[in-house]
Every structure is written in structure tokens, then in C-alpha cells.
Amino acid sequence: MPPSYALERLLNDGGSKLVAGVDEVGRGAWAGPVAVCAVVTDLSEPPAGLTDSKLLTPARRAAMAEEITAWAAGIGYGEASHREIDELGMTEALRRAAGRALAELPVRPDVVVLDGRHDYLGAPWAVRCEVKADLSCVSVAAASVIAKVRRDAHMASLGPDAYGFAANAGYPSPVHQAALAELGPTEHHRLSWSYLDDLPRWRHLKRHRNPLAGEGQLDLF
């Protein structure tokens, strides 16, 4: 089943006239930022073939991103850097990235639909969490595509080439893991993460955040 406007219309009927679909990418990467995209629509027919970005090939995803950009009523994109992730933890990094994305929208939405069970945005935003919204909800599916395409393009611009960021976008891959073992982390890596525990030569670089800074993210999920 392709995504529909069922959730947007349900929220409209409840009094929320403008709905923003929000999705993130990069949460499980070892390097680079976490990125969030927010999309609002006018409930017009979405681009044909729109679905969760993970189900599209890179070429189709790039073409779909262009179609979404021309079609959507508003798009906002925000990132939180690897340094913010290390210093503040993933939940706060996501909140900041989402806030930056929402601030780029032409108008403030009445409600924000987040993909998943966890509300990482919080007050003052009205939030609706929806599991697998990137598959079922048009605006969230569109946000998933834009977030993935833009973050992938950013990661492809980073080096050194030995880490293969253009192909793995900072996620663990055999090439990425081999480069880390041999060369150690780059200036783009998250240094508070547990992958460093498995790299004896580079373990001394691991950062241990003040627990008062928040729950954070030290393990992959």
C-alpha cells in the first residue's frame, strides 16, 4: 500500500489545519550529523511511487527528491553535528535538528507527525508519534526521502576516501570498519560511541560525556 493522507486528514478533522511530517536519518551512523526533514503539503496528489526512502534505489530516491521539492508546500531541513551528538546525546541532538528543520518551514505547523514511538521533539510543539509513518503517511514519506538524499550528499562530500562515506554515509560497513581499524576516527566521527571500545589502538580517543548532560547515545540501536 502506498502512503496516503489518512493521518493528515484525521488530524485536520481534529482541528490541526497544517500538519508537518518529520523524519530523521543518520541516527545509527558512526560518523557525520543526524539530519531531520519536515514537509508540509496541500493534500494534492503526491509524486507517483512515493514511499519510505529505504525502499527506493539511490537513483530513484534522487529523482523523487526533485519531484518532492517541486510539489511540496514547504520543506525544512536541519542537522545536528557529530560534536553535538557527542556533547548532548542523541535525543537532544534530534530535538535540535528537528527544531532547525521546522524553523525553515514557511509557516508554523499546528501538529508534527514523527515517525516512530519516541517523541524527541516535545514542547512547545504538538506531536503525534506514528510507527512506520514513513510507509503510511504522505508527508512523512516525503520527509524521509529529502532527509536521506540531503544527508547522503553531505556525507559524500567528506573524506578521506578510504572510509567510503560516499557509499556508506557514515554507517558501519566493511570498508568503513577496516579504515577505522587502520587509520582511526576522522574529524567527522562520533567519539562517544561504543565502536571505539572494539578498536584497541584508538580506544583512548573515546569521549565520556558528563551524565548530567543527558541520557545520550553510547550504543547502537
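So here's what we get for this one:
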{"quantity": "Answer residue from the range 85-125, given it is of a type in the set (D, E) and open to solvent by 30 Å² or more (accessible area, probe 1.4 Å) and is farthest from E187 (Cα to Cα) among those", "calculated": "D110"}
{"quantity": "Residue match in the range 132-155 (condition: open to solvent by 20 Å² or more (accessible area, probe 1.4 Å), modelled with pLDDT of 95 or more, under 23 Å from E84 (Cα atoms) and aliphatic (A, V, I, L, M))", "calculated": "yes"}
{"quantity": "Meets criteria (assigned to a loop (DSSP other than H, G, I, E, B), at negative phi and at pLDDT below 95) for P47", "calculated": "no"}
{"quantity": "Residue list for the range 160-193, restricted to those being surrounded by fewer than 13 Cβ atoms within 10 Å (Cβ to Cβ) and either of a type in the set (S, T, Y) or closer than 17 Å to G26 by Cα (or both)", "calculated": "E187"}
{"quantity": "Test: residue in the range 102-112 that is in contact (Cβ under 8 Å) with a residue 12 or more places away in the chain and within 14 Å of the chain's Cα centre (by Cα)", "calculated": "yes"}
{"quantity": "Unique match (being within 14 Å of the chain's Cα centre (by Cα), within 30 Å of P47 (Cα to Cα) and not charged (D, E, K, R)) among A166, A147, A126", "calculated": "A147"}
{"quantity": "Hits in the range 174-221 - residues which are small (G, A, S), at pLDDT 95 or above and not in a helix (DSSP H, G or I)", "calculated": "G184, S192"}
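The values are calculated or read from the model by the stated rules, or taken from the named source; none is laboratory data. These numbers were taken from a predicted model, which means no experiment stands behind them. Glycine also receives a Cβ, built like all others from the backbone with ideal geometry; neighbour counts cover every protein chain displayed. Keep in mind that these areas ignore ligands, DNA and RNA; they rest on the heavy atoms of the full protein, side chains included. Shrake-Rupley method; radii C 1.70, N 1.55, O 1.52, S 1.80 Å.
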